[in-house]
Amino acid sequence: MESQELPYVLTDCIGGRHGVYEDHAEFLKKHFSLITMKEYLENKKLLGEKIRAIYAWYHKPVIDEELLRSLPNLKIVASSGVGIDHLDLNLLSRYGVKVSNTPFIVSNDTADLGMALMLASSRRLVEGYEMAVSPDTEYFPADWLGAEVSGATLGIVGMGTIGYKVANRAKAFEMKILYHNRNQRNKEEESAVGAIYCKKIDDLLQQSDFVLLSVNLTPQTHKLIGKRQLQLMKPTATLINISRGLVVDQDALVEALQNHVIKAAALDVTYPEPLPRGHPLLKMKNVIITPHIGSATKKTRRLMMENMMESIQAGLTGLPIPNEVLL
Amino acid sequence: LWWHKPVVDQELLQSLPNLKVIANSGVGMDHLDLKLIASFGVKMANAPRAVSSSTADTGMALLLASARRLVEGYHLAISSDTDYCEADFLGVEVTGATLGIIGMGRIGYKIALRAKAFEMNILYHNRTHRKEQEEQAVGATFCETIENLLQQSDFVMVVVSLTPQTHKLIGKREMELMKPTATLINISRGAVIDEEALVTALQTGVIRAAALDVTYPEPLPRDHALLKLKNVIITPHLCIKTDKTTYMITKEAVENILAALNGLPMPSEVL
């Protein structure tokens, strides 16, 4: 039994800026023959036949028709994180390849980051930091103010696992919570967080001091927040995006911020990532951008890796796949 | 008094023979000589109710920003060097972590309420034990000794008032008791922490990071080591700096002044 070959799993690269972490790779190699794209390309004929799974870390490698054709024994693609908008599910289904993601593991961290961005933006934390460390600062002006989070109104667009966790946290800050979702949550869930359903997103936009986006990216949510939606928001409102850059019409957002149509924005996601270096969003004082760190904690990333490994193992042995993404 | 000014000294008190009351904006009273003022028969008030939510929010904002390396992340995101995002840029988890609150007064308790929603395990150290229902409402466990709290906490939040007893409460010894992965957050007064010891602790990895809304002095001299450390977030005494809270402070001050002048009990008299 010991001499049985470990299953061949393709990944983009190990180490470096976006590769699989070295300590994760060490662990994975106990269970898989981990092949990098570089190794695969050097030996396509032999390895192409052997590869039965893809460990897609950070949306890489890009999985297109060409790759699928050269991996005839590919059974499953395990993708890190919850978003799967970077995968062509129809294409994968045509090739009989199953897909898994890591939906629940990321929710706490992402909800935490949503709260972190809301607090940082409203209290002008980044601006405050710059003032505190600037060589030119001689004193802290007393009339330099932010806006209160406690008691304010939070509108959550997308009340899935992450949105609901944000609501839980926001309730402790005595925030009034509105939400917009494809489906209304049941009464117990609503009253547990004191959330009020807004069937029309317009109602939520008009009443909220903070609008937080936690939807997944689909054709329906593409540019969900555009010029019209931004104009419905209060001029004192802040937009927080922890979903996908494309959920927001970015050009409309720039314009809205420049013309004081809304007060501020805090974005963990943009389109593209990262933004081109001259982009106006990078220079605005009332914008906080973070480099897509919604799930970026050591513990969570470790759990993601373990989840992906389990999904691959299940996929290769024909067992039910935890966290399978169905069309 | 607005932001600790004007300075109330013997000379000023002597030249205001009809002074009845001093209303302080904010809750800290360490900048006032309480004995001196009382000796002139002048009443004093602060604004505890107005400040607590806003200051608790500041504490949580700093905790989250430090844990998730928000400021560093921002600089990375806007840096002219970034050609694409660092996938190995990692912070530490807040949900489910252990928060140790030193000073469980009004503000400390509001922090506990907020932290509970993040499913944090809450420990606290205080001069006195809180009532059982209050503890249960936030799931907080009393630590008889501060050492106990320091050793178990992933985040240590300092929320005490500055008194001779709390001066340099957190020094070299206390920091060495903390976990090397722990974060120290200060929203009380700069002098509660031994700043020199803090610099050393941060530089040598004795603790992971610090987030300070208060320092001594404020602002720090521009060449201070704390300003340059990557694992330190400093904010310019944000605690009550929101339009809502500054207004509420003013309102509370007015209530106290009017009560004192009319010989009525003051809502927030400081004795």
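The values are calculated or read from the model by the stated rules, or taken from the named source; none is laboratory data. Computed from a predicted structure; not experimentally measured. Neighbour counts run over all protein chains shown; Cβ positions are idealised from the backbone, glycine included. Just so you know, the surface numbers come from the protein's heavy atoms only, side chains and all, with ligands and any DNA or RNA stripped out. Shrake-Rupley method; radii C 1.70, N 1.55, O 1.52, S 1.80 Å.
Miscellaneous remarks
- Search result, residues across the range A:10-34 that are more than 19 Å from A:L303 (Cα to Cα), surrounded by fewer than 18 Cβ atoms within 10 Å (Cβ to Cβ) and away from chain B (no Cβ under 13 Å): A:S33
- Criterion applied to B:A210, B:A197 was being touching a strand residue (DSSP E or B) at 6+ places or on another chain (Cβ under 6 Å) and either assigned by the TED database to the domain that holds B:A115 or not in a helix (DSSP H, G or I) (or both), and the one residue passing it is B:A210.
- Summed over the range B:5-43, the residues that are aliphatic (A, V, I, L, M) and within 17 Å of B:L162 (Cα to Cα) give a count of 4.
- Test: residue in the range A:289-308 that is within 29 Å of A:K176 (Cβ to Cβ) and acidic (D, E): no
- Positions within the range B:120-165 being within 19 Å of the chain's Cα centre (by Cα), buried (at least 19 other Cβ atoms within 10 Å of the Cβ) and farther than 23 Å from A:S150 by Cβ, in sequence order: B:L123, B:H125, B:L149, B:L150, B:S153, B:D154, B:L162
- Yes/no for A:M118 being of a type outside the set (V, I, T), more than 7 Å from every other protein chain (Cβ to nearest Cβ) and in a loop (DSSP other than H, G, I, E, B): no
- Considering A:A152, A:A147, the condition of being of a type outside the set (V, I, T), within 7 Å of chain B (Cβ to nearest Cβ) and within 28 Å of B:I234 (Cα to Cα) is satisfied by A:A147 alone.
- Every residue from the range B:169-188 that is in a loop (DSSP other than H, G, I, E, B) and either buried (at least 23 other Cβ atoms within 10 Å of the Cβ) or not assigned by the TED database to the domain that holds B:A65 (or both): B:M178, B:A182, B:I187, B:S188
- Listed conditions (1) in a loop (DSSP other than H, G, I, E, B); (2) within 10 Å of chain A (Cβ to nearest Cβ) are all met by B:H129, apart from (2).
- Failed criterion for A:D88 (all others in (1) open to solvent by less than 70 Å² (accessible area, probe 1.4 Å); (2) away from chain B (no Cβ under 14 Å) hold): (1)
- Where strands (runs of 3 or more DSSP E) sit wholly within the range A:191-262, those with at least 1 residues that are surrounded by fewer than 20 Cβ atoms within 10 Å (Cβ to Cβ) occupy A:195-197.
- Per the listing A:H279, A:H260, A:H292, the residue uniquely at positive phi and within 13 Å of chain B (Cβ to nearest Cβ) is A:H292.
- Residue that is more than 9 Å from every other protein chain (Cβ to nearest Cβ) and either open to solvent by 10 Å² or more (accessible area, probe 1.4 Å) or within 14 Å of the chain's Cα centre (by Cα) (or both), where the choices are A:F140, A:F104: A:F104
- Here A:S295 qualifies as out of contact with any Phe, Trp or Tyr (no Cβ under 7 Å at 6 or more places or on another chain) and either of a type in the set (A, V, I, L, M) or assigned to a loop (DSSP other than H, G, I, E, B) (or both).
- Residues in the range A:302-315 that are open to solvent by less than 30 Å² (accessible area, probe 1.4 Å) and over 19 Å from the mean Cα position of the chain (by Cα) were compared, and the one that is nearest to A:H31 (Cα to Cα) is A:M309.
The rows are residues; the columns are (1) more than 24 Å from B:G96 (Cβ to Cβ); (2) free of Cβ contacts under 8 Å to residues at least 60 places away in the same chain; (3) buried (at least 18 other Cβ atoms within 10 Å of the Cβ).
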{"position": "A:L68", "(1), (2), (3)": "yes, yes, yes"}
{"position": "A:L71", "(1), (2), (3)": "yes, no, yes"}
{"position": "A:A78", "(1), (2), (3)": "yes, no, yes"}
{"position": "A:G81", "(1), (2), (3)": "no, no, yes"}
{"position": "A:T110", "(1), (2), (3)": "no, no, yes"}
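Per-residue answers, yes or no, for (1) open to solvent by 10 Å² or more (accessible area, probe 1.4 Å); (2) more than 12 Å from chain A (Cβ to nearest Cβ):
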position: B:P217; (1), (2): yes, no
position: B:L227; (1), (2): yes, no
position: B:P236; (1), (2): no, no
position: B:T246; (1), (2): yes, no
position: B:E255; (1), (2): yes, yes
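- Subset of the range B:222-271 [at pLDDT below 95, over 15 Å from B:A47 (Cβ atoms) and of a type in the set (G, A, S)]: B:G263
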